[in-house]
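Chemist: Sharing a structure here in structure tokens format.
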Amino acid sequence: METNELKNNIRRLRFENGEMTQQELADKAGVTRQTIIAIEAGKYSPSLTLAFKIAKTFGAPLEEVFQYEEVNS
Amino acid sequence: MNRAQKNALGGLIFLLSTFTMMSYVFFRIFVLKKTPVGFAGRFLPLAVVILVSGTLLVWTLKRQSPREVKEDERDKLIDNRAAMAAFISALIVFLAISGIPRLILGDNGCIPAWSLPLINLGAFIIVAMIYFAAILVQYFSGRGDGDK
């Protein structure tokens, strides 16, 4: 069976960007800290708008922040 | 906890305390047939509800961050799912409060008139509690180990 997975590098990018806290990222992206926690943990897939906002906050392209993978199980 | 979680937890505690106090007052007046005596006896349940709701209000208004957003896309999604769960539960509760008295009392049974508002209010409180609980469950199931 094929499943889809959205992976992200938010945690790494936060630390590379002056050890940005989840709250700081949340404030910049206009969401709550809980949403950032859920996205980082892969438990919530953000909308395209939010994904672009997060990528813009890091000044990185979208593909560097989020990766789409198809997993065969 | 974000604002939506605080509101849900606050609402749940408020409804629980209100329902408990309301049941106590109804039970005392209509079942035990004892009218509360004195100022404390009459207003203590109300004071408990006011105290609980006041504390919850202060707690829910406290912000996580000066730039904290009130609601984001995930909060809206969670709220929509919780509303759907509450709507389905409302239908089930409506069927239950219509059918259970008939099953217990029989076709020609009767219930005291004072119990009707309590049943309706109880049904409303149950549905509202399901709504708040559904919000909390969704946040809890999606929670990771985050840092601050």
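Chemist: Which order do the peptides A:27-35, B:83-91 come out in when sorted by mean C-beta neighbours inside 10 angstrom, highest first? It would help to have the intermediate numbers written out before the result.
Modeler: Details: A:27-35: 22.1, B:83-91: 14.9.
Packing proxy ranking, top to bottom: A:27-35, B:83-91.
Chemist: Right, another one. Could you sort A:39-52, B:30-43 so that the peptide with the highest average Cβ count within 10 Å comes first and the rest follow in order?
Modeler: On the way: A:39-52: 16.6, B:30-43: 10.3.
So the order, starting with the most tightly packed, is A:39-52, B:30-43.
Chemist: Give me the extension gain from B:L57 to B:I92: residue separation times 0.36 nm, minus the current Cα-Cα distance, reported in nm with one decimal. Write out the running numbers ahead of the final one.
Modeler: On the way: separation 35, 0.36 × 35 = 12.60 nm, distance 3.10 nm.
Full extension from B:L57 to B:I92 adds 9.5 nm.
Chemist: Continuing with the same structure: Quantify how much of the Cα-Cα distance distribution of segment B:42-148 extends past 24 Å, in percent.
Modeler: On the way: 2813 of 5671 pairs.
So the pairs more than 24 Å apart make up 50 percent of the total in segment B:42-148.
Chemist: What does a probe at A:K7 reach in segment A:40-57, counting residues whose amide N is under 15 Å from the point 7 Å along Cα→Cβ?
Modeler: Only A:40-43 fall inside the zone, counting backbone N under 15 Å.
Chemist: Which whole number in µm²/s is D for the protein assembly as shown by Stokes-Einstein, with the Kirkwood Rh taken over Cα pairs at 20 °C and 1.002 mPa s? Could the numbers behind the result be given before it?
Modeler: Numbers: Rh = 21.0 Å.
My calculation gives 102 µm²/s for D.
Chemist: On to the next question. Just from its helices, what would the mean residue ellipticity at 222 nm be for chain A, if runs of 4 or more DSSP H residues each count -39500 (n - 2.57) and the sum is divided by every residue, rounded to the nearest 500 deg cm²/dmol? Each step should come with its number before you reach the end.
Modeler: Numbers: 5 runs with 38 residues, N = 73.
Dividing the helical sum by the residues of chain A leaves -13500 deg cm²/dmol.
Chemist: Applying 1/(1 + (r/R0)^6) with R0 = 41 Å to the Cβ-Cβ distance of B:W114 and A:A41, what FRET efficiency is obtained, to the nearest 0.05? Present the calculation step by step, with values, prior to reporting the outcome.
Modeler: On the way: r = 50 Å, r/R0 = 1.23.
According to the calculation, E is roughly 0.20.
Chemist: Relative to the present Cα-Cα distance, how much length would full extension add between B:E68 and B:A123 at 0.36 nm per residue of separation?
Modeler: Taking B:E68 through B:A123 to full extension adds about 16.3 nm, to one decimal.
Chemist: Now for a different question. Please give the average number of partner chain Cβ atoms lying within 10 Å of the Cβ of each residue in A:38-50, rounded to a whole number.
Modeler: On the way: counts 7, 3, 4, 5, 1, 5, 6, 1, 3, 4, 0, 1, 3.
Shielding by partners across A:38-50 averages 3.
Chemist: Once the other residues with Cβ under 9 Å from the Cβ of B:E68 are scored (Lys, Arg +1; Asp, Glu -1), what is the net sum?
Modeler: On the way: positive: A:R33, B:R3, B:R63, B:R67, B:K70; negative: A:D27.
Residues close to B:E68 contribute a combined charge of +4.
Chemist: May I ask you to give the solvent-accessible area per residue for the protein assembly as shown, in square angstrom, as obtained with a 1.4 angstrom probe? Kindly include the intermediate steps, with their values, before the conclusion.
Modeler: Details: 13850 Å² over 221 residues.
Per-residue value: 63 Å².
Chemist: Based only on Cα atoms, what mean projected area does the convex hull of chain A have, in nm²? Don't skip to the answer; put the middle values down first.
Modeler: Details: hull surface 18.6 nm².
Its Cα hull, projected and averaged over all orientations, spans 4.7 nm².
Chemist: Here is a follow-up. Does segment B:57-108 come out rounded, prolate or oblate, given a ≥ b ≥ c as the square roots of the eigenvalues of its C-alpha gyration tensor, rounded meaning a/c under 1.5 and, failing that, prolate meaning a/b above b/c?
Modeler: Numbers: a/c = 9.17, a/b = 2.79, b/c = 3.29.
Because a/c hits 1.5 or more and a/b fails to exceed b/c, segment B:57-108 counts as oblate.
The values are calculated or read from the model by the stated rules, or taken from the named source; none is laboratory data. Everything numeric here is computed off the predicted structure, so don't read it as measured data. Glycine gets a Cβ as well: all are built from the backbone with ideal geometry, and neighbour counts include every protein chain shown. Calculation scope for accessible area: heavy atoms of the full protein, side chains included, ligands and nucleic acids excluded. Shrake-Rupley method; radii C 1.70, N 1.55, O 1.52, S 1.80 Å.
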